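Participant: Quick one: the structure is below, and I'll ask about it shortly.
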Amino acid sequence: MAQGTIEVRIKRQKDPDDTPYWEEFSLPYRPRMNVISVLMEIQQNPVNKAGRKVTPVAWEQACLEEVCGSCTMLINGKVRQSCSALIDKVAPETAGGRSLTLEPMSKFPCVRDLMVDRSRMFENMKKIQGWIPIDGTYDLGPGPRMSQREQQLAYDFSRCMTCGSCVEACPQVNEKSNFIGPAALGLVRLYNSHPTGKLNADERLDAISGPDGIASCGNAQNCVQVCPKEIPLTRAIAELHRDTTVHRIKKWLGK
Ligand code: SF4
Ligand code: FES
């Protein structure tokens, strides 16, 4: 392996029904490169390690500053955003050189190469009514007050960018389950604690009370380990266990 090169392996797939295959590229290392700049170099000159011209690799990106979540993929086996993944951090120089393996997230359908379809996350947001209802477009005034403590916690939960990292890392999300996943549970916690969002708290608790809801969480806690926004997901899940139990008891008592 030549000094100062990055050996890149990419899991590729032409379309959702195609069989995935691996393709290798070798490119010169430059200081301060990140995964997106590696992909852009390959896009400019899509020649694989065998010297054959190939179709450019497809991936998704938008903000390039870790706020939209669209560039999430598996980088050397770990789920994270490729725009903030510096080569020096994710593929440090070793005796064997630098090696970088890129794969699409496995818990979402692959659209092409490193692009996946994250619709299931947006469908789950609809299921849990992940919004604050308002009556109309006219000025509703300043709205109810929230304590500083509650505002701070709401801010922490509001940073979710539906990147899918927590879903990818969760063992309960698999081909045998339709578990709603940690991100949606974090959003239930966010909207149910808002003074106006509380008006729909019962509907949200109903939405996560079924077999694919909070009961499917196996408490692996991988979600908090991988969440790039450090959202306190396990805290949300613990609190929602209590809230759904109280909600079910109240329903049973007819209250
Ligand atoms: S909770 Fe964290 S890991 Fe999960 S989708 Fe939101 S930002 Fe990504
Ligand atoms: S491009 Fe938006 S998070 Fe990476």
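Participant: With (1) more than 16 Å from ligand 2 (Cβ to nearest atom); (2) without any contact (Cβ under 8 Å) to a residue 40 or more places away in the chain; (3) crowded, with 16+ Cβ neighbours inside 10 Å as the list, and A50 as the residue in question, which single condition is left unmet?
Facilitator: Only one criterion in (1) more than 16 Å from ligand 2 (Cβ to nearest atom); (2) without any contact (Cβ under 8 Å) to a residue 40 or more places away in the chain; (3) crowded, with 16+ Cβ neighbours inside 10 Å is unmet by A50, namely (3).
Participant: As an exercise: evaluate L205 against (1) crowded, with 17+ Cβ neighbours inside 10 Å; (2) within 18 Å of E150 (Cβ to Cβ) and give the number of the one condition it does not meet.
Facilitator: (2)
Participant: Another question about this same structure. Condition (residue is aromatic (F, W, Y), at pLDDT 95 or above and not assigned by TED's automatic domain parsing to the domain that holds P20) applied to segment 135-142: is it met by at least one residue?
Facilitator: no
Participant: Can you name every residue in segment 25-47 that is in a loop (DSSP other than H, G, I, E, B) and either in contact with a Ser or Thr (Cβ under 9 Å, 6 or more places away or on another chain) or open to solvent by 80 Å² or more (accessible area, probe 1.4 Å) (or both)?
Facilitator: Across segment 25-47, the qualifying residues are Y29, R30, P31, R32, N45, P46.
Participant: Assess whether S147 counts as being within 26 Å of the chain's Cα centre (by Cα), away from ligand 1 (no atom under 16 Å from the Cβ) and of a type in the set (G, A, S).
Facilitator: Considered against the rule, which asks whether it is within 26 Å of the chain's Cα centre (by Cα), away from ligand 1 (no atom under 16 Å from the Cβ) and of a type in the set (G, A, S), S147 comes out as no.
Participant: Which residues, taken from segment 214-255, are surrounded by 12 or more Cβ atoms within 10 Å (Cβ to Cβ) and either outside the structural domain of C160 (by TED's automatic domain parsing) or charged (D, E, K, R) (or both)?
Facilitator: K229, R235, E239, D243, R248, K250, K251 - these are the residues of segment 214-255 that are surrounded by 12 or more Cβ atoms within 10 Å (Cβ to Cβ) and either outside the structural domain of C160 (by TED's automatic domain parsing) or charged (D, E, K, R) (or both).
Participant: List, please: which pairs have Cβ atoms under 7 Å, are six or more places apart or on different chains, and start with a residue in segment 198-212 that is among the β-branched types (V, I, T) and end with one that is in a loop (DSSP other than H, G, I, E, B)?
Facilitator: Matching pairs, first to second residue: I208/I128; I208/I180.
Participant: Continuing with the same structure: All but one of (1) within 25 Å of M115 (Cα to Cα); (2) buried (at least 17 other Cβ atoms within 10 Å of the Cβ); (3) without any contact (Cβ under 8 Å) to a residue 60 or more places away in the chain hold for C163; state the number of the condition that does not hold.
Facilitator: It fails just one condition, (3).
Participant: Mind counting the residues in segment 151-160 that are more than 30 Å from G77 (Cβ to Cβ) and open to solvent by 40 Å² or more (accessible area, probe 1.4 Å)?
Facilitator: Adding up the residues that qualify gives 3.
Participant: Here is a further query. Condition (residue is in contact with a Pro (Cβ under 6 Å, 6 or more places away or on another chain) and open to solvent by 20 Å² or more (accessible area, probe 1.4 Å)) applied to segment 177-198: is it met by at least one residue?
Facilitator: Within segment 177-198, one or more residues are in contact with a Pro (Cβ under 6 Å, 6 or more places away or on another chain) and open to solvent by 20 Å² or more (accessible area, probe 1.4 Å).
Participant: Moving to a separate point now. For segment 237-245, indicate whether the set of residues that are acidic (D, E), more than 24 Å from F108 (Cβ to Cβ) and in contact (Cβ under 8 Å) with a residue 12 or more places away in the chain is non-empty.
Facilitator: Yes, because at least one residue in segment 237-245 is acidic (D, E), more than 24 Å from F108 (Cβ to Cβ) and in contact (Cβ under 8 Å) with a residue 12 or more places away in the chain.
Participant: Let me ask another. If a residue must be more than 16 Å from ligand 2 (Cβ to nearest atom) and closer than 30 Å to P16 by Cα, how many such residues does segment 123-174 contain?
Facilitator: Number of matching residues: 14.
The values are calculated or read from the model by the stated rules, or taken from the named source; none is laboratory data. Because the structure is predicted, anything quoted here is derived from the model rather than measured. Note that each Cβ is placed from the backbone with ideal geometry, even for glycine, and that neighbours are counted across all protein chains shown. We work out accessible area using only protein heavy atoms, side chains counted, and drop any ligands, DNA or RNA first. Shrake-Rupley method; radii C 1.70, N 1.55, O 1.52, S 1.80 Å.
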